[in-house]
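Each value in this text was obtained by applying a stated rule to the coordinates, not by laboratory testing. Everything quoted here is computed from the prediction, not taken from an experiment. FYI the Cβ positions are ideal-geometry reconstructions off the backbone, even for glycines, and counts take in every protein chain you see.
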Amino acid sequence: MNISVVGMGYVGLVTGACLASFGHKVFCYDRDPAKIERLTKKIVPVYEKGLKELVEVNVDSGQLLFTCSPKRAYQISDVIIIAVGTPALKTGEPDLSSFFSAARQIGKSLDPERFTVVVTKSTVPVGTWSKLTSILSSRRENGGQSHFGVVSNPEFLREGNALWDTVYPDRIVLGSCSQRSVKVMRDLYRPIIEQSFGNLPGIPPRPGQLKRVELIITTPVNAEMIKYAANAFLATKISFINEIANICERVGSDVTVISRGIGLDSRIGPEFLNAGIGWGGSCFGKDLASILHTAGNYGYFPQIIDAAVQVNTRQRQKIVQDLEELLGDLGGRTIGLLGLSFKPNTNDLRDAPSLEIISGLLEKGAVVKVYDPAAMDECKRQHPELIVTYEHSALEAANDADALIIVTEWAEFRNLDCNQLKGVMKQAVIVDGRNIFDPRTLREKGFIYKGIGRPDNSQ
């Protein structure tokens, strides 16, 4: 098939590269000429394991092309996938201006002689599919919708594992009122559904225990709601365990033991039960804001979802408060901070807890040194206002520091030599926002250790 992907952000680029690997001809469109020029030269703007290798192979083979021309992208396409960003407005509702702009452009460019499936992969509010259909119909010169179909196909990608999640998904959701459109999408995803593709560059081989890929065919409204409900549940699960962690600190219990104890219950499961400084990234915050806004439009207030947001905000603020309890006045104190990205294995800083923590430290008059394996250049570019020192290693960030804060659970931080850390720090104080260290080991080495949901005597 000929496929077009609109929007070369994180989701769009991953989607395009993977589909090209299945033998589809993929045209990747973005209105930013500089971005398209870099991608044409195989310069990948996001940090995602295996993605650069996958892009390089498919560009060299001619299966993956990048363009700023809507005509080139749309007119010969069997499927057009909209994957533009939908960031949150101050009201909580998503900004759909880029989405609808793309829809209008697609409507003007559709070939009246070719049946085209227009796919929504962007996260959009419930009911957007109807507005999309109307726009596509109104922009067609001959009117009607006989030559196009609309499908809601939400993505469930985890940054740092996006290629894996694309080719080995738990499920594929297709929301459409058109059987013809569903058939096209079945054909598009057949290599994934049947797991019939071979080894792909940058992607580990299929594990033997992988379960069958579930295909859910439903209405567009249900598909849109599935995406929001999934993210709301996962965010709530994280906020829940953080609430439990805060109780644990007060009663002398260890949340890591509690998490394991409840996670072994098959009704609960272990995923998303790691207490810490809360969630971040491009999805949870804006998606929960969107579902709260949508529910409000229908006269309903989701208290659990609202509470999940409040707990997450409080959890970020807790880190600075914990540090003040350990050190007193932070004015003039040197604080090392390990991790900038909102999660490991990505350079994504969208809604990253690190930014709020840094701002809180600077407001208290602290001197802040930071290190991240992948996100420092991005932080310099996006946040020139942050007066911090960027270091070349974790040890340099810890050097002469009054305390060290663990913000992102990068693997290299887990393997730090504690003796080396203690040797370079002014005071051996660690606030472990991700519970990556063993409290007993650190305390035996002379550290003052503060984790999340772990009492002072936790072992």
Original post:
Using the beta-carbon distance between Thr67 and Glu412 and R0 = 30 Å, what value does 1/(1 + (r/R0)^6) give for FRET efficiency, to the nearest 0.05?
Top reply: 0.20
Subject >> Distant alpha-carbon pairs in region 2-218 (separation over 33 angstrom), percent >> reply: 11
Subject >> Counting DSSP beta bridges with both ends in the chain, the antiparallel % (nearest 5) >> reply: 5
**OP:** May I ask for the longest run of the chain untouched by GluC sites (Glu not before Pro) that are loop-located per DSSP and have at most 12 neighbouring C-beta atoms (other than their own) within 10 Å?
**Re:** 272-384
Original post:
Which angle between 0 and 90 degrees, to the nearest 10, do you get for helix 51-61 versus the longest principal axis of the chain when only C-alpha atoms count?
Top reply: 30
Subject >> Cα long-axis angle, helix 128-139 against the chain (0 to 90 degrees, to the nearest 10) >> reply: 40
Original post:
Given R₀ = 51 Å, FRET efficiency for Gln382-Ala295 by Cβ-Cβ distance, to 0.05?
Top reply: 0.95
Original post:
Straight-line reach from Lys380: which lysines have a Cα under 24 Å away, not including same-chain ones fewer than 8 places off?
Top reply: Lys35, Lys41, Lys42, Lys49, Lys52, Lys286, Lys343, Lys364, Lys369
Original post:
Which one, (1) 29.3, 89; (2) 26.7, 85; (3) 23.7, 77, gives Rg and Dmax of the Cα atoms in Å as derived from the coordinates shown?
Top reply: (3)
**OP:** Calculate how many DSSP beta bridges within region 2-218 are antiparallel, expressed in % of all such bridges and rounded to the nearest 5.
**Re:** 5
Subject >> When region 253-450 is reduced to its Cα atoms, the Kirkwood hydrodynamic radius in Å >> reply: 17.9
Original post:
Can you sort Asp402, Asp32 so the residue with the fewest Cβ neighbours within 10 Å comes first?
Top reply: Asp32, Asp402
Original post:
By how many degrees, 0 to 90 and rounded to 10, does the Cα axis of helix 179-193 deviate from the longest principal axis of the chain?
Top reply: 50
**OP:** Within 10 Å of each residue's Cβ, count the other Cβ atoms and sort Met8, Met376, Met1 from fewest upward.
**Re:** Met1, Met376, Met8
Subject >> Gain upon complete extension [Ile448, Lys42; 0.36 nm per residue less C-alpha separation] >> reply: 141.5 nm
Original post:
So what is log10(I(q)/I(0)) for region 362-459 at q = 0.11, 0.23 1/Å, when the Debye sum runs over its Cα atoms only?
Top reply: -0.33, -1.31
**OP:** Could you work out how far the C-alpha centroid of region 3-81 sits from that of region 259-337, in angstrom?
**Re:** 34
Original post:
With each run of n ≥ 4 DSSP H residues scored as -39500 (n - 2.57), what mean residue ellipticity at 222 nm is computed for the chain after dividing by its residue count and rounding to the nearest 500 deg cm²/dmol?
Top reply: -13500 deg cm²/dmol
Original post:
Loop-only check: which trypsin sites (Lys or Arg not before Pro) in region 241-287 are DSSP coil with at most 11 other Cβ within 10 angstrom?
Top reply: Arg267
